[in-house]
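The values are calculated or read from the model by the stated rules, or taken from the named source; none is laboratory data. From a predicted model like this one, the values you see are computed outputs, not experimental measurements. Note that each Cβ is placed from the backbone with ideal geometry, even for glycine, and that neighbours are counted across all protein chains shown. All accessible areas refer to the heavy atoms of the entire protein, side chains included, with ligands and DNA or RNA removed. Shrake-Rupley method; radii C 1.70, N 1.55, O 1.52, S 1.80 Å.
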Amino acid sequence: MPGVYATGDILNKPQPKITPVAIFESQYLAHLFTKETSDAIDYPAIAYTVFTSPRIATVGVSAAEAEESDQYTVEHFDYQNDWFRQVGNEVHAGVSVVFDRDHQLVGATSVGNDAVETINGLTDLIEAKTTHEQVERLIYIFPSIAHSYMRKV
């Protein structure tokens, strides 16, 4: 209906119906109403999590979706042998990363105590379309979650 605007759960959309998405939509409407934009909304990569134990977090193309298509390559990494995870006695943890045909990171799923932080970092890479060569130039604090998962990209 013309002149009626809404954000969040009420919208019929494929994006997750979660608070950060509603905030993004509200920010878009503020830009639209102040005439800072007239473009249609353009959603970025959206990360979300399931607060289980261990946590499960995903962004972009999921490993399950990617494995059903020849458009993607999926790599799975178990953290059982990862030094940083062993320090915390974390035995059920890992990350799956999804690459397109150009080996561009387009999705990831992480399971573990720090899944949220892992996916937050990978969301930045997906949205910025960071290449493998650019990731190789990043040096992270050791030991850290970022150092652990960035070696997988």
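Can you find, within segment 51-71, the residue that is farthest from K17 (Cα to Cα) among those that are open to solvent by 70 Å² or more (accessible area, probe 1.4 Å) and either of a type in the set (G, A, S) or assigned to a strand (DSSP E or B) (or both)?
So the residue we want is S53.
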Scanning segment 10-28 for residues that are farther than 25 Å from E117 by Cα and modelled with pLDDT under 95 gives I10, L11, N12, K13
Please specify each residue of segment 79-95 satisfying the condition of being part of a helix (DSSP H, G or I) and open to solvent by 40 Å² or more (accessible area, probe 1.4 Å).
Q80, N81, W83, F84, Q86, V87
Going through segment 17-50 in order, the residues found to be under 15 Å from S110 (Cα atoms), open to solvent by less than 50 Å² (accessible area, probe 1.4 Å) and not aliphatic (A, V, I, L, M) are T49
Selection from segment 1-16 of residues that are part of a helix (DSSP H, G or I) and either open to solvent by 40 Å² or more (accessible area, probe 1.4 Å) or farther than 17 Å from L32 by Cα (or both)
D9, I10
Where in segment 96-153 are the helices (runs of 4 or more DSSP H), entirely inside, with at least 3 residues that are surrounded by 21 or more Cβ atoms within 10 Å (Cβ to Cβ)?
115-127, 145-150
Just to be sure I understand the filter: pairs with C-beta atoms under 6 Å, separated by 6 or more residues or on different chains, first member in segment 29-52 and free of Cβ contacts under 8 Å to residues at least 60 places away in the same chain, second member open to solvent by 70 Å² or more (accessible area, probe 1.4 Å). Which pairs pass?
L29/Y5; T37/H31
The condition from (1) touching a strand residue (DSSP E or B) at 6+ places or on another chain (Cβ under 6 Å); (2) in a loop (DSSP other than H, G, I, E, B) that H76 misses is numbered (2)
